[in-house]
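Each remark here refers to the structure printed beneath this line.
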Ligand code: NCD
Ligand code: ZN
Ligand code: ZN
């Protein structure tokens, strides 16, 4: 078994944070090595809300990735209370925007400009439904009295179900799901073909206890926060099922080491260097390597109405240890998820 290899169609990453400037330059090439396309999150400061800002950002990403790499950034528009349906529809028609990202205000990193009341963006959602443009949601309620571990499950009841009811053909992706509740709900809507969910590598391998193992581990803090073991197991079962509604989205979210190892550490895990290897290991452990290609390379493009990549990638079963940090040109180290561990698969 030691020299086993696995070749699949080149995968895509349907949820990525590239940031900007020195951080963008340091992290984007790692995603471009592993993935053919990536849905790029718009939570910059200020957020990406116009067609112009998105096409300029796209150019900066391509410059960071460099010549000769076949990688396509797919841009998203950050939804605010003031969003204009015309601008969003124009960006979609021009092929600049692939989707709209809905952050409830205050839910996560750089979500301050997010939506304060869903009714305010109903005209935009109406237009998106009309033109077939997907809505990507960070699915957590923001009510500060709601326990952090309950925020995703409550979002389904309070926000997601009403959106799906009021917009019966709108395509929606519940991003980075972390609970059995989300798995069950997404599965219950499978027949509609219009509700998808991304699953990160970290939520497949850590639970909430890991965050506190031997002391507090800020590098395992992300939002939505990792949940109990029963939820991790449900996510593994869903990802490895091969079912069309579940697909790969790393939510790679780099923060400099000082921002993570701090009195008030930021949420986000940088997984771009090791994501595909960790996913592969999960599928191997679950005896489901035959389902990896569906999850990583087929289900996502099918949901977004795109063709799967023609190229392939090969992974080899071999032990290796990832480097601990990627360092930006400004000298900021970013911790690599999976470093300090031995991984069993490597992209060749
Ligand atoms: C993301 C970030 O840092 O931008 N953080 C995270 O913990 N996932 C934001 C997000 O995806 O919610
Ligand atoms: Zn999010
Ligand atoms: Zn994210």
Matching residues in the range 240-272 - criterion: being more than 24 Å from residue 37 (Cα to Cα), away from ligand 2 (no atom under 14 Å from the Cβ), out of contact with any strand residue (DSSP E or B) (no Cβ under 8 Å at 6 or more places or on another chain) and in contact (Cβ under 8 Å) with a residue 12 or more places away in the chain
258, 261, 262, 265
Which of the following residues is within 24 Å of residue 135 (Cα to Cα), more than 12 Å from ligand 1 (Cβ to nearest atom) and out of contact with any helix residue (DSSP H, G or I) (no Cβ under 7 Å at 6 or more places or on another chain): 184, 251?
184
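Answer with yes or no whether residue 139 is touching a helix residue (DSSP H, G or I) at 6+ places or on another chain (Cβ under 7 Å), in a loop (DSSP other than H, G, I, E, B), touching a residue at least 24 places away in the same chain (Cβ under 8 Å) and within 13 Å of ligand 2 (Cβ to nearest atom). Let's see the steps before the verdict.
On the way: touching a helix residue (DSSP H, G or I) at 6+ places or on another chain (Cβ under 7 Å): yes; in a loop (DSSP other than H, G, I, E, B): yes; touching a residue at least 24 places away in the same chain (Cβ under 8 Å): yes; within 13 Å of ligand 2 (Cβ to nearest atom): yes.
Judged against the criteria, residue 139 is a match.
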Residue check, residue 338 against (1) assigned to a loop (DSSP other than H, G, I, E, B); (2) in contact with a helix residue (DSSP H, G or I) (Cβ under 9 Å, 6 or more places away or on another chain); (3) at negative phi, all met but one. Which one?
(3)
Hey, can you tell me all the residues within the range 211-224 that are touching a helix residue (DSSP H, G or I) at 6+ places or on another chain (Cβ under 6 Å) and either free of Cβ contacts under 8 Å to residues at least 24 places away in the same chain or assigned to a loop (DSSP other than H, G, I, E, B) (or both)?
211, 217, 224
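Given 35, 18, 97, 92, which one is more than 23 Å from residue 277 (Cβ to Cβ), in contact (Cβ under 8 Å) with a residue 12 or more places away in the chain and buried (at least 23 other Cβ atoms within 10 Å of the Cβ)?
Details: 35 fails: more than 23 Å from residue 277 (Cβ to Cβ); 18 fails: more than 23 Å from residue 277 (Cβ to Cβ); 92 fails: buried (at least 23 other Cβ atoms within 10 Å of the Cβ).
Every option except 97 fails the conditions.
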Output yes when any residue across the range 233-253 is away from ligand 3 (no atom under 16 Å from the Cβ) and within 25 Å of residue 110 (Cα to Cα), and no when none is.
no
Looking across the range 164-185 at residues that are more than 16 Å from ligand 2 (Cβ to nearest atom) and outside any loop (DSSP other than H, G, I, E, B), the single one that is surrounded by the most Cβ atoms within 10 Å (Cβ to Cβ) is 183
Check 152, 130 and return the single one that is more than 25 Å from residue 254 (Cα to Cα) and in a helix (DSSP H, G or I).
130
Return the residue satisfying two criteria in turn: it lies in the range 277-293 and is surrounded by 22 or more Cβ atoms within 10 Å (Cβ to Cβ) and under 26 Å from residue 171 (Cα atoms), and of such residues it is nearest to ligand 2 (Cβ to nearest atom).
279
Tell me which residues, restricted to the range 45-79, are crowded, with 19+ Cβ neighbours inside 10 Å and within 16 Å of ligand 2 (Cβ to nearest atom).
47, 48, 76, 77, 78, 79
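Just so you know, all these numbers are worked out from the coordinates, no wet-lab data involved. This one's a predicted model, so the numbers in the text were calculated from it and none came from an experiment. For neighbour counting, all protein chains shown are included, and Cβ atoms are generated from backbone atoms with ideal geometry for every residue, glycine included.
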